[in-house]
Structure formats: C-alpha cells, structure tokens
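Structure first, then comments.
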C-alpha cells in the first residue's frame, strides 16, 4: 500500500539494529516488562491505572475462593498459586478499582488491557478478545477437533495460546475441561492440566493475570480435594516468545495475535519465508508459527483481520495454509468495535485443520451466529472468495470456478502514483505553466468522471521536470476505480472511464492520486479480451459489486485484488460486447449463477 497518513493504520514497528538478534517478542517488548536479558522495556513502566487493576487481583481471588467454600491459605493468592506476582501488582492504590472484586474473569482481563496506554496498545497491536468471540472460536475449534457438539468433553491434547494476553481464549476450553471431568478424581485432573493448557505472552503482568483467572477455574476441583492433599495450583502460562519453536507439538493452537507491520532481521525473514511476501505483518508470523506448532491432527483457531483472505502480502500465507492446514470454518464478525483498534476492515474467526478439508463452513456473527454457506475449501495463493451473506453463496461458488481473472484478460491494475501529502507544496487551485490537473477519488462518485468541487482547492500539481512527468502523468485512456470507499457507500466498486475526449478536456494529461486504481491494457499493442467500455460497464453491475464483497471485506479495493477479480471464459465476455444497462446486468447475473 502506498504511504498515506490519512488511512488510520497502526504505525509500523522498527526494531533497533542493536537488538536485531533478539527474538521478535523481545524486540517488541510488552508494556511494563523487562526482557529476559534484562534490558529495560522501551515502552516504560505500567501506568497507574494498570497498577490499580493488578492491585485488586488478590481481593478478586479471595472472593472467588470463598465462593467455593475455601478458607485459610486458599484465600491468599501467593500461597494458593504457584506463580509470582509482578512488582506492579503492588503499586496500585487498592481503592480505585474495587469495583472489579466481584467482576468476571473476562471483565478483569478486559480492564487490564483497557488500562494500558492507548498509544502503546496501537503500536504493539494489543487488544482483548470479547467473551462472545472467545466462546465462538472455541466452539469452532472443538468441532474441528472432533469433539461432539452439545456434549462436554475433556481436552484431547495440548492447547496453546502463543499470544495469550490476559487469557480470554483459554477460559472457555478450560471451563469445559473442568466440567467434563467433574466426576473424575480431582487430584488427577489437577495434576494433568499443565500437560493440556499452555499460555505464552511477552507481558509478565498479563501472564500473571492469565495464571490467576485460569487457576480460579480450577477452584471447584480444589474444593473436592481433602485439605491435607491439596497442592498449590500450577501456573499454566509463562513469559516467552510465542513465535519461537516449541518443544511440544500442540493438538490445538488458539490466538488473537498482535498485528501491525514489523521489520524483521534477515534470520527471522528466512525462517518465515514460506508465509511472507513483501511487508511482514505480526499476525502473519503468528499464524505461520501456529501451524508449525501443530501435531498431525492439530487445529489452528485464530481471530484475525480478514486481510489475509485477499491481500497481496498474504498470498504466500494462503498458499502455505491451503497446503498444510486448509481452512475448515470461518465466521465473519460484523461488529468490529473493541476487537481491533484502528482497523478499517472486518474481523474473522478462522479455523484451520491438519486433516485435509474439502469443504469450508462460512457463517456471520452480529450478536448471534447465522450460517451462510458450505463451499469448497479455498486453494492456492490467489484471493479466497467467501460470502458474507447466504444470498452471495452462489456468486462466491461460481466466481471461484471462473477460468479467468481480470489480469488474464489483458488488463493490468496499478495504484495512482500521487501521494498528495508528500507534494503539498506543489498543489494549487489554478492551472498554470508546468501544472497538470489531478483526478481525485471523489471525482469518480456516481460512476462518471467529473470535477468534484470539494477538491478544487488542490486541483493542480506542478510537475518539476521530465522525470516527474514520466512517473506521474497519465496520457492514455484508462478505467479509474476508487481504491477506498466510505463504509456508508452503497457500492464497493466505483469505476469511471477516462476516454480520449476526457483527456482532451483535461488538457491531454492527468495525474491520478493514490486513492484511485488505474486499469490499462497490459500490452498497448494488443487489444484486451474485453474492451474498455464493456469492462467499465461490467464493473458497474450489481453482481460484480457482490463478487468484490466476497473477495474483500474492507472499504479498500487494492490493485492486486482488482486484477484478481474472477471473470467468465473469453467467449462469454465477447458475447457481452454491445450490451448495456439491464440487458448486461442480466447477462452478468446468469454467468455468476444468479439468473
């Protein structure tokens, strides 16, 4: 993606050169921690609000233990749990967050994450998983593990969360495991659970909180053990780097990993080469490492942005997943607030299985879960088409089987070269010597090229020299497509034709800014399979807009995704020449199995 300061994406993270040989988690550093080699965390100490949350945890534990009839040393967290509290746990006022004493484990974890500095949360991709999403992800994961729906079952093997935060994703499976073994020997269950549950995180305070809330789930078992035979509860989470190779393979890995671009040292890039293309995103690394950690029957359940389904930078990740752990289940989360701060795209719960899957179940979630479709599992590194609505299922299935994409028809897509905020000094509101008119995304609204008055204050740019003109100026007819649309817009594909007449009216050349994609013939000496006028009309159909919504759930449509747009065979495309309006719409619908 071209640089732009207006898109609101999390800032890139760059590790200092002198720390390049440290593990990635150490480079990132969890707020309030010190890395294992003793270097101070660059994020600094925990804020007072976080200390206030941690300070109330012992009182929260005491309330939990009393609720199960425990007393004496079991009311003292330091004696009951084999895990040491971080220094910050004693630094709070012990009065400000007494409201949390009677809170749920989920609310306690959410309060800790919310208390962290907002800038640090955005910079390090820290976020908390809402309880309904934790439960849904475990429901999907357990189904792929073969656990019977509607029947409680113990964990079939090691469950790991390599970015556990405050333990939200581990709570549902631990609860089910304890309930399923309610009538078994509690001492055996307690002794065995460290072999079945493991959380890893770089933040010592979050790890301690995870150990506390998971241990609280074991209190019903402790109450069943005679006092003389009780032992301190084990720590199920540890401070560490979830991206490192693990000694034990896991039957299931669940994660809501950190996200954001990161610059990797050469050895780290070499290690993750199979899942990387261009820029590295943290959640790509965690997904790749998660699959590596699975055993032969393992399942990966991840709460991630949907960019991995279609973006160019995730093409190698898609190829690797399809070959080693195909997608089995996907739930699109319509409500995004509180999941990924600053992300303009939708969120997805995705489950992958080592056992080969021919079909993928697709659902949507907005308060309740609605089944959408069951489709052939996506393959390869091209964008994966998954419908968000049940009535789009036929479109997604038909599009996935199409023999062509837009690029194969002889068209290529590129992003407008002007990053306007880098050239502010060269922008003007009037024509003049050496100035060229700019086409903005707003000039395409309504599907026709015009001059939007709201952009007239920055309508022209001064081309500094011949090289500048060569890079920026467009002098041939093309199709212009908005690269980003507003969430409230009815369409995701907004295209307009730039004809010879348009170029003449605009002075013979234009500069296209980078919120617009440009479609031009791949070979200027060879006519594409589909003409410019027809292609622009096809892009304006309702059917193609629905196809794009199966490709990308964000408000952005990249040049890569546009070029990958699935299209029918050449003879079908040629049969559309001369068709327009309702007749063309009907023909396109039939091709995508809607007519």
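Read-outs throughout are calculated quantities, based only on the coordinates presented, and are distinct from any laboratory measurement. As the structure is a prediction and not an experimental result, all values here were calculated from the model. Counting neighbours? That spans all protein chains shown, and the Cβs are built from the backbone with ideal geometry, glycine included.
Pairs of alpha-carbon atoms within less than 8 angstrom and 6+ residues apart define the contacts here; what relative contact order does the range 194-317 have, in percent? Could the numbers behind the result be given before it?
On the way: 156 pairs, mean separation 32.8, N = 124.
Computed over the range 194-317, the figure is 26 percent.
What ranking do 470, 217 get, fewest neighbouring Cβ atoms within 10 angstrom at the top? Don't skip to the end; give the middle numbers.
On the way: 470 9, 217 23.
If I rank by nearby Cβ atoms, fewest first, I get 470, 217.
Counting only C-alpha contacts under 8 Å and six or more residues apart, can you give the relative contact order of the range 407-591 as a whole percent? Kindly include the intermediate steps, with their values, before the conclusion.
Values: 307 pairs, mean separation 54.9, N = 185.
30 percent.
Can you quote the Å³ per residue value for the convex hull of the Cα atoms in the range 521-593, rounded to an integer?
For the range 521-593, the hull spanned by Cα atoms encloses 97 Å³ per residue.
Contour minus end-to-end for residue 390 and residue 175, with contour as 0.36 nm per residue of separation and end-to-end as the Cα-Cα distance?
74.1 nm
Modelled label-to-label distance, residue 442 and residue 227, 7 Å Cα→beta-carbon offset: nm?
Result: 7.5 nm between the two label points.
Subtract the Cα-Cα distance of residue 368 and residue 422 from 0.36 nm times their separation in residues, and report this length gain in nm to one decimal.
Values: separation 54, 0.36 × 54 = 19.44 nm, distance 4.48 nm.
Additional length available on full extension: 15.0 nm.
Testing the spin-label approximation: label points 7 Å from Cα along Cα→Cβ at residue 504 and residue 355. State their distance in nm.
Distance between label points: 6.7 nm.
What whole-number value in cubic angstrom gives the convex hull volume per residue for the C-alpha atoms of the range 109-202?
Each residue corresponds to 110 Å³ of Cα convex hull volume.
Just to confirm the number: angle between the C-alpha axis of helix 171-180 and the first principal axis of the chain, 0 to 90 degrees, nearest 10?
Its long axis makes an angle of about 50 degrees.
What does the C-alpha gyration tensor say about the overall shape of the range 367-428? Classify as rounded when a/c is under 1.5, otherwise prolate if a/b is larger than b/c, or oblate.
Details: a/c = 3.75, a/b = 1.82, b/c = 2.06.
Note, shape of the range 367-428 comes out oblate.
Inverting the mean 1/r over all pairs of different Cα atoms, compute the Kirkwood radius of the chain and quote it in Å.
26.3 Å
Tell me, what is the FRET efficiency for residue 67 and residue 195 to the nearest 0.05, using R0 = 30 angstrom and their Cβ-Cβ distance as r? All intermediate terms of the calculation are to be shown ahead of the outcome.
On the way: r = 27 Å, r/R0 = 0.91.
For residue 67 and residue 195, the calculated efficiency is 0.65.
Averaged over every viewing direction, what's the projected area of the C-alpha convex hull for the range 469-542? Give it in nm², one decimal, please. Could the numbers behind the result be given before it?
On the way: hull surface 23.3 nm².
Mean projected area for the range 469-542: 5.8 nm², to one decimal.
For the chain, take the longest principal axis of its alpha carbons; what is the angle in degrees between that and the long axis of helix 131-144, to the nearest 10 within 0 to 90?
90 degrees
Test of understanding: express the Cα radius of gyration of the range 405-459 as a ratio to 2.2 N^0.38 Å, with N the residue count.
1.41
Working only with C-alpha atoms, what are the Rg and Dmax values of the range 432-500, expressed in angstrom?
Just the Cα atoms of the range 432-500 yield Rg and Dmax of 13.5, 40 Å.
Can you give me the angle between helix 581-591 and the longest principal axis of the chain, using Cα atoms only, in degrees from 0 to 90, rounded to the nearest 10?
Tilt relative to the chain: about 50 degrees.
Which order do the peptides 473-479, 306-312 take when ranked by the mean count of other beta-carbon atoms within 10 Å per residue, highest first? Show your work: numbers first, answer last.
Details: 473-479: 17.0, 306-312: 23.7.
My ranking of the peptides, most packed first, is 306-312, 473-479.
When the chain is fully extended, how far beyond the present Cα-Cα distance does residue 486 get from residue 430, taking 0.36 nm per residue of separation?
That works out to 17.4 nm of additional length.
Viscosity 1.002 mPa s, temperature 20 °C: what is the translational diffusion coefficient of the range 231-300 from Stokes-Einstein with a Kirkwood Rh over Cα pairs, rounded to a whole number of µm²/s?
Roughly 159 µm²/s, to the nearest whole number.
Kirkwood Rh and Cα-based Rg: tell me the resulting Rg over Rh for the range 152-195, rounded to two decimals.
0.97
Compute the convex hull volume of the Cα atoms of the range 407-591, divide it by the residue count, and report the result per residue in Å³ as a whole number.
Per-residue hull volume (Cα only) is 124 Å³.
Whole-Å semi-axes of the range 156-290's equivalent ellipsoid, largest first, each the root of 5 times a Cα gyration tensor eigenvalue? Intermediate values should be presented prior to the final figure.
Working: eigenvalues 229, 37, 26 Å².
Rounded to whole Å, the semi-axes are 34, 14, 11.
With each pseudo-label sitting 7 Å past Cα toward Cβ, what's the residue 464-residue 248 distance in nm, one decimal?
5.9 nm
With n ≥ 4 as the cut-off for DSSP H runs, can you work out [θ] at 222 nm for the chain, using -39500 (n - 2.57) per run divided by the number of residues, rounded to the nearest 500?
Rounded to the nearest 500, the figure is -8500 deg cm²/dmol.
What order, most packed first, do the peptides 555-568, 454-467, 408-421 have when packing is the mean number of other Cβ atoms within 10 Å of each residue?
555-568, 408-421, 454-467
Looking at the chain, send over the antiparallel percent of its DSSP beta bridges, to the nearest 5. Show your work: numbers first, answer last.
Details: 47 of 70 bridges.
Approximately 65 percent, going by the DSSP bridge assignments.
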